Amino acid sequence: MKSNYECMFIIANNVTEEKRNTLVDKFSKMAGAGVKVEKMGLKKFATEIDHKKDGYYYLMTFASEPQIPHEIGALMNITDGMVRYMFVNKDEQIKGRKQNVKKAKPKAEAKSE
């Protein structure tokens, strides 16, 4: 069953634009059809990461089977120039919010009595 995912990843600022585009293409091809990649640009880090002060941020949105984010993550782990990445399952995030709202309603009703 396909789920909706977001992947935020950071590529080091010393990687050439050509190499960054190649990496983004490689990751988006692995994610499959219907991939949307948003370039967020060069941003400074709040604290240094691996002796780097800034990096190029990207947000990739896609729908895939659950094993695909693991495969992309494994490739990102061994790719030179990758600083950080994080995957979020948007379907689970929405389901979790609905459950939290259901739990919060009884507490709010108890306070009003």
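Only one of the numbered conditions (1) out of contact with any Asp or Glu (no Cβ under 9 Å at 6 or more places or on another chain); (2) surrounded by 15 or more Cβ atoms within 10 Å (Cβ to Cβ) is violated by GLU71, and that is (2).
For region 20-68, the set of residues classified as touching a residue at least 40 places away in the same chain (Cβ under 8 Å), within 16 Å of PHE87 (Cβ to Cβ) and part of a strand (DSSP E or B) consists of TYR57, TYR58, LEU59, MET60, THR61, PHE62, ALA63, SER64, listed by residue number.
Please specify each residue of region 54-72 satisfying the condition of being of a type in the set (Gly, Ala, Ser) and at pLDDT 95 or above.
If the condition is that a residue be of a type in the set (Gly, Ala, Ser) and at pLDDT 95 or above, then GLY55 is the only one that fits.
Look through region 1-49, keep the residues that are small (Gly, Ala, Ser) and surrounded by 14 or more Cβ atoms within 10 Å (Cβ to Cβ), and return whichever of them is nearest to LYS90 (Cα to Cα). Talk me through it step by step, then tell me what you get.
As a first pass, look at region 1-49 and keep what is small (Gly, Ala, Ser): 3, 12, 28, 31-34, 41, 46.
Among the residues that remain, those that are also surrounded by 14 or more Cβ atoms within 10 Å (Cβ to Cβ) are: 3, 12, 28, 31.
Numbers: SER3: 8, ALA12: 26, SER28: 17, ALA31: 15 Å.
That would be SER3.
For region 24-61, how many residues are on the phi > 0 side of the Ramachandran plot and touching a helix residue (DSSP H, G or I) at 6+ places or on another chain (Cβ under 9 Å)?
Residues of region 24-61 that are on the phi > 0 side of the Ramachandran plot, as a first pass: 32, 34, 41, 50-51.
When the remaining residues are screened for being touching a helix residue (DSSP H, G or I) at 6+ places or on another chain (Cβ under 9 Å), the result is 32.
Qualifying residue count for the region: 1.
The values are calculated or read from the model by the stated rules, or taken from the named source; none is laboratory data. Since the structure is predicted, the reported quantities are computational estimates derived from the model, not experimental observations. Counting neighbours? That spans all protein chains shown, and the Cβs are built from the backbone with ideal geometry, glycine included.
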